[in-house]
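Participant: Take a look at this one; I'll ask things after.
The values are calculated or read from the model by the stated rules, or taken from the named source; none is laboratory data. Please read all numbers here as calculations on a predicted model, not as lab measurements. So basically every Cβ, Gly included, is an ideal-geometry build from the backbone, and we count neighbours across all protein chains shown.
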Amino acid sequence: YLIQVCVSHPGSHGGSTRWLTAATLNNNNKIDALEVLAEYYEFKEIEGPCLAFRRATSVLKSLPFVVQCLRDLRDLPCLGEHTKAIMEILEYGRSFEVEQTLSDERYQTLKLFTSVFGVGPKTADKWYRQGLRSFSDVLTEPGIHLNRMQQTGFLHYGDISRAVSKAEARALGSIIDEAVRAITPDAIIALTGGFRRGKEFGHDVDFLVTTPELGRERSLLPDVIDELKKKGFLLYCDYHASTFDMARLPSFSFEAMDHFAKCFLILRLEEGKVEGGLNSSEKDSRGWRAVRVDLVSPPLDRYAYALLGWTGSRMFERDLRRFARLERRMLLDNHGLYDKTKKEFLAATTEKDIFAHLGLEYIEPWQRNA
Ligand code: CTP
Ligand code: MN
Ligand code: MN
Ligand code: MN
């Protein structure tokens, strides 16, 4: 089966090869060690090694076999200098570098603080430098002001850090479907994110919602949010109105966020709505849990690009944008695709159209788990 799309590039500059990692979910390789190191550099805000470890992780994820010896890593891309940890694990069963990182106080503290909804590496680092090490340190420190998002993050910490199951995602799908159709019966609703890629668990559930009539999507999310509030589902809402400008060229960045209307929500999910019950470890008597849900609402003519962009994974999107720019002289983001040679935007109604524009065979969502 298709695992990697390798585009050899025998140009004058040394015949470089670019890889688009198309990984499935059947990961055969232990990649946790590399993810620890990637995160360590992310917290240090050193982008190079962070990306290198994430890339190496993607490549390992894509392998259809279990890496057992160093020879298995030969000829694989992106596994160059940053594979000392893998080599150590293969040779000694453990990696000194990874163990050292795991016991690093700053790493541990930033990992803890950033696990709170609304707390990014910057805030976590600020608290660390103030000498704070635990949640109770943060919550009892007089000088600390928590914004509304962080307050909600602490309030629902247990629920939000617990994985969302497929059954819970399905139940949320019905809730969103009902709320959106109460506003516009002919709305278009699609599941995106990790669950569209076939994941069994996620940290949230992502949906794309829009209207068949161009422009009418602008008022959709505020109305849906009101509906969810009316029905008692809404625990938290961070709404961002659209700043989308169709004349603007796609971003040069491989990671820029989009300008569509979107909201980051926390919803209340009742036990009775979930087939097989809630994914809760300690069976509490509440009978409900809080769940993170993201909604994005692009205009219909950008639906395919938004769907592709929100299906992820993050690394897959990054690789695809990179491929478009370096191999095809095209700029791709969640809004569209711009051909720099022809100096025009390329229209697409389905994801298949986009892959065709890029000269790639269609890559199924379940193959995008890089
Ligand atoms: N995304 C985006 N703009 C945002 C937020 C997310 O384009 N403001 C995209 C990301 O690039 C990602 C996809 O939406 O590819 C899903 O993001 P996220 O929910 O964070 O990750 P998942 O892949 O769904 O994994 P998880 O199970 O952790 O939610
Ligand atoms: Mn998600
Ligand atoms: Mn995530
Ligand atoms: Mn999300």
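Participant: Can you tell me which residue in region 199-216 is surrounded by the most Cβ atoms within 10 Å (Cβ to Cβ), limited to those that are within 16 Å of ligand 3 (Cβ to nearest atom) and within 30 Å of Met246 (Cα to Cα)?
Facilitator: Going through the qualifying residues, I end up with Val205.
Participant: Working only within region 274-308, note down all residues that are assigned to a helix (DSSP H, G or I) and of a type in the set (Asp, Glu).
Facilitator: Hit for region 274-308 is Asp301, nothing else.
Participant: Out of region 265-320, which residues are of a type in the set (Val, Ile, Thr) and more than 16 Å from ligand 3 (Cβ to nearest atom)?
Facilitator: Once the filter is applied, which keeps residues that are of a type in the set (Val, Ile, Thr) and more than 16 Å from ligand 3 (Cβ to nearest atom), region 265-320 yields only Val274.
Participant: A further question on this structure: When residues of region 256-273 are filtered for being within 22 Å of Arg162 (Cβ to Cβ), within 15 Å of ligand 2 (Cβ to nearest atom) and not aromatic (Phe, Trp, Tyr), how many remain?
Facilitator: 4
Participant: Filtering region 124-149 down to residues that are exposed (fewer than 15 other Cβ atoms within 10 Å of the Cβ) and of a type in the set (Ser, Thr, Tyr), which residue is nearest to the chain's Cα centre (by Cα)?
Facilitator: The extreme case among them is Ser134.
Participant: Exactly one condition in (1) without any contact (Cβ under 8 Å) to a residue 40 or more places away in the chain; (2) away from ligand 1 (no atom under 13 Å from the Cβ) is false for Ala171; which is it?
Facilitator: (1)
Every residue, every condition in (1) farther than 21 Å from Leu269 by Cα; (2) more than 15 Å from ligand 4 (Cβ to nearest atom); (3) β-branched (Val, Ile, Thr); (4) touching a strand residue (DSSP E or B) at 6+ places or on another chain (Cβ under 7 Å), yes or no:
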| site | (1), (2), (3), (4) |
| --- | --- |
| Val138 | yes, yes, yes, no |
| Thr152 | no, yes, yes, yes |
| Ile176 | no, no, yes, yes |
| Ala190 | no, no, no, yes |
| Gly194 | no, no, no, yes |
| Gly198 | yes, yes, no, no |
| Phe201 | no, no, no, yes |
| Val205 | no, no, yes, yes |
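Participant: Can you list the helices (runs of 4 or more DSSP H) found entirely within region 29-121 that contain at least 1 residues being at pLDDT 85 or above, more than 27 Å from the chain's Cα centre (by Cα) and more than 26 Å from Asp159 (Cα to Cα)?
Facilitator: Where helices (runs of 4 or more DSSP H) fall fully within region 29-121 and carry at least 1 residues being at pLDDT 85 or above, more than 27 Å from the chain's Cα centre (by Cα) and more than 26 Å from Asp159 (Cα to Cα), they are 96-102.
Participant: Now for a different question. Can you name every one of the helices (runs of 4 or more DSSP H) wholly within region 150-230 that holds 3 or more residues which are within 23 Å of the chain's Cα centre (by Cα) and of a type in the set (D, E, K, R)?
Facilitator: Details: elements: 157-161, 166-183, 193-196, 220-230.
Hits in region 150-230: 166-183.
Participant: I would also like to ask the following. Within region 309-335, take every residue that is aliphatic (A, V, I, L, M) and part of a helix (DSSP H, G or I) and give me the one that is nearest to ligand 4 (Cβ to nearest atom).
Facilitator: Met315
Participant: Can you go through Thr114, Thr184 and tell me which one is surrounded by 14 or more Cβ atoms within 10 Å (Cβ to Cβ), under 24 Å from Arg314 (Cβ atoms) and of a type in the set (Ser, Thr, Tyr)?
Facilitator: Thr114
Let's see how each residue does on (1) within 16 Å of ligand 3 (Cβ to nearest atom); (2) of a type in the set (S, T, N, Q); (3) without any contact (Cβ under 8 Å) to a residue 24 or more places away in the chain:
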| site | (1), (2), (3) |
| --- | --- |
| Ala182 | no, no, no |
| Arg197 | yes, no, no |
| Leu235 | no, no, no |
| Ser242 | no, yes, no |
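Participant: If you take the residues in region 242-288 that are touching a His at 6+ places or on another chain (Cβ under 8 Å) and polar (S, T, N, Q), which one is surrounded by the fewest Cβ atoms within 10 Å (Cβ to Cβ)?
Facilitator: Going through the qualifying residues, I end up with Thr243.
Participant: Okay, next question. Looking at region 336-370, which of its residues are more than 23 Å from Ala23 (Cβ to Cβ) and part of a loop (DSSP other than H, G, I, E, B)?
Facilitator: Scanning region 336-370 gives Gly336, Lys340, Thr341, Lys342, Lys343, Ala347, Ala348, Thr349.
Participant: State all residues of region 188-223 that are near ligand 2 (Cβ under 10 Å from one of its atoms) and farther than 12 Å from Ile176 by Cα; if no residue qualifies, say none.
Facilitator: Matches in region 188-223: Thr192, Gly193, Gly194, Phe195, Arg196, Arg197, Lys199, Gly202, His203, Asp204.
Participant: Is it the case, given these coordinates, that Ile354 is crowded, with 21+ Cβ neighbours inside 10 Å, over 30 Å from Tyr157 (Cβ atoms) and touching a strand residue (DSSP E or B) at 6+ places or on another chain (Cβ under 8 Å)?
Facilitator: So Ile354 fits the description; yes.
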